[in-house]
Amino acid sequence: MTNKRKKYIIAVIAAIVIAGLIIFFAARGKGKTSKDGESFISKRGSVTHFTEQTGIVKAQVGAIVKVGTRATGVLTRLKYQVGDYVKKGELIATIDDRELLANKRNLEAQIEEQKKDLEVKNAQYLYNKTDFEREERLLKKEFTTKDSVDKAKKELDVAAAQVELGKAKVKEAVEKLKALEVSLSYTKIYAPISGYVSQVTTQEGETVVAGLSAVNLITIIDATKLEMWIYVDETDIGRVKPGMKVEYWVDAYRDKRFSGAINLIYPQPEIKENVVYYLAILKIDPKDTVFLKPEMTTHVRIIIDEKTDVIIVPNGAVRFEDGKNVVYVKLKEKIERKPVTPGIRDDRFTEIITGLSEGERVVIPVVKKITPGAKK
């Protein structure tokens, strides 16, 4: 026999041995199946009790902002389009402001002229005040008449009124200038938040006509501010509380699991197709918003209870017979029915509180199928 043939035979034998070991250990881990049914060794493990619900990804309040303007004019520049990212404070668009700038310059010139006129009136007031005071001193020495004093007082009052009128005109013009500057600020539109442009309703060259409300130019959405609306069935809402952990996934990333916690539960019900739901709100972690988008449907598991290091058996091992929960335990060649107290359960295992010890072999009885027409 050649060395090459010997190596081949050794490799085949080794493969058969490895395959046999794999089957053996797999059978030990999963349990044995016999005519009595499939058996498992009770062990210690973890059980997570949850309720499954459906959710929808939504944008948080304030995450979507419609950016508009109260200015009227031609849109001279629109810097961003749908899908572009914009940072808070960046210039988004400008509206033709030439008419407003011309009005501003005219108003500024008018204010300067009124200020100069006010200076003249102030000077006249000071002159009349001095003249009145001089007339009063002369009257005390009887070097003038009462009529001269009254005349000087009248001229002083007129000058004072002119000064107040001049001040009022300057103040009015300044306030008009402030209002004009506010209107002028409407011609430059800045991003109120950081985010992506989701909608553009006006293009460069179009005329924007502002009315009682601001004209919407673009819509920005902050994709990092998302939340999930979980529609909890009325039969489950009694077990769901704020702070409970949540696991969820979306069809777009079925192998990726997201997590969070319920922030609040709305008391107002939602009725869909005659089924009553209550909204549980979960704030989505900003790092998860890279994968999630508004209006995505989510598959949700709300963790009701979790226990670790407890005795567990497969769900099918616990049966309800004669008004009590029981399991079937194999003792040597005999199968004995034992009453147990089950705890929480998940989609695979049930916690056993009392009645069963770790390491006992539990049998899941075979459900016999009855063939139609056969004798029972």
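The values are calculated or read from the model by the stated rules, or taken from the named source; none is laboratory data. Quick caveat, the model's predicted, so the values are computed rather than measured. Don't worry about glycine lacking a Cβ; one is built from the backbone with ideal geometry, like all the others, and counts go over all protein chains shown. Accessible surface is based on the protein model in full, side chains and every heavy atom, while ligands, DNA and RNA are left aside. Shrake-Rupley method; radii C 1.70, N 1.55, O 1.52, S 1.80 Å.
Below, the figures for the structure above:
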{"quantity": "Normalised contact order of the range 136-235, rounded percent, pairs of Cα under 8 Å and 6 or more residues apart", "calculated": "20 percent"}
{"quantity": "Share of carbon and sulfur in the accessible heavy-atom surface of the range 162-250 [1.4 Å probe, %]", "calculated": "56 percent"}
{"quantity": "Correct option for Kirkwood radius over Cα pairs in Å [calculated from the coordinates] among (i) 30.7; (ii) 21.2; (iii) 20.7", "calculated": "(i)"}
{"quantity": "Average accessible area per residue (Å²) across the range 74-134 - probe 1.4 Å, nucleic acids and ligands excluded", "calculated": "68 Å²"}
{"quantity": "Virtual spin-label span in nm between S46 and K334, 7 Å along Cα→Cβ", "calculated": "3.9 nm"}
{"quantity": "Shape call, the range 27-169: gyration tensor on alpha carbons, a/c limit 1.5", "calculated": "prolate"}
{"quantity": "Calculated over the range 217-376: convex hull of Cα atoms, volume per residue (Å³)", "calculated": "243 Å³"}
{"quantity": "Residues L184 and D236, FRET efficiency given R0 of 51 Å [Cβ-Cβ distance, rounded to 0.05]", "calculated": "0.35"}
{"quantity": "Over the chain: helical MRE at 222 nm, DSSP H runs n ≥ 4 each giving -39500 (n - 2.57), nearest 500", "calculated": "-11000 deg cm²/dmol"}
{"quantity": "Rounded percent of accessible protein surface that carbon and sulfur make up, the range 76-158, 1.4 Å probe", "calculated": "50 percent"}
{"quantity": "Where GluC sites (Glu not before Pro) in DSSP loops with at most 14 other Cβ within 10 Å are excluded, longest remaining stretch of the chain", "calculated": "1-89"}
{"quantity": "L118, L217, L101, reordered so the largest accessible area comes first (probe 1.4 Å)", "calculated": "L101, L118, L217"}
{"quantity": "FRET efficiency, 1/(1 + (r/R0)^6) with R0 35 Å, evaluated for A168 and V74 via beta carbons", "calculated": "0.45"}
{"quantity": "Calculated FRET efficiency for the pair I265/E321, C-beta based, R₀ 41 Å, to 0.05", "calculated": "0.60"}
{"quantity": "Unit charges at the beta carbon, dipole of the range 164-230: most positive-side option, Y186, T219, A168", "calculated": "A168"}
{"quantity": "All-pairs Cα distance distribution in the range 68-117, expressed in whole percent, bin size 5 Å", "calculated": "4, 16, 17, 15, 14, 10, 9, 7, 4, 2, 1, 0"}
{"quantity": "Summed residue charge, Cβ within 9 Å of R44's Cβ, Lys/Arg positive, Asp/Glu negative", "calculated": "-1"}
{"quantity": "Links that overshoot a 24 Å alpha carbon limit, given the list K241/K283; K43/K338; K88/K293; K116/K146; K104/K169", "calculated": "K116/K146"}
{"quantity": "Aspartates and glutamates with Cα under 18 Å of K334, excluding same-chain neighbours fewer than 8 positions away", "calculated": "D36, E38, E360"}
{"quantity": "Surface per residue (accessible, 1.4 Å probe) for the range 143-280, Å²", "calculated": "60 Å²"}
{"quantity": "Extension reserve of the V65-Y85 stretch, reckoned as 0.36 nm per residue once the Cα distance is removed", "calculated": "5.8 nm"}
{"quantity": "Projected label distance in nm at K115 and D147, using a 7 Å step from Cα toward the beta-carbon", "calculated": "4.4 nm"}
{"quantity": "Kirkwood hydrodynamic radius of the range 144-273, Cα pairs, Å", "calculated": "23.3 Å"}
{"quantity": "The chain - percent relative contact order, Cα under 8 Å, separation 6 or more", "calculated": "27 percent"}
{"quantity": "Charge dipole magnitude, Cβ of K and R +1, D and E -1 - the chain, Cα centre, debye nearest 20", "calculated": "2920 debye"}
{"quantity": "Selection of trypsin sites (Lys or Arg not before Pro), the range 244-338, meeting DSSP coil and at most 16 other Cβ within 10 Å", "calculated": "K332"}
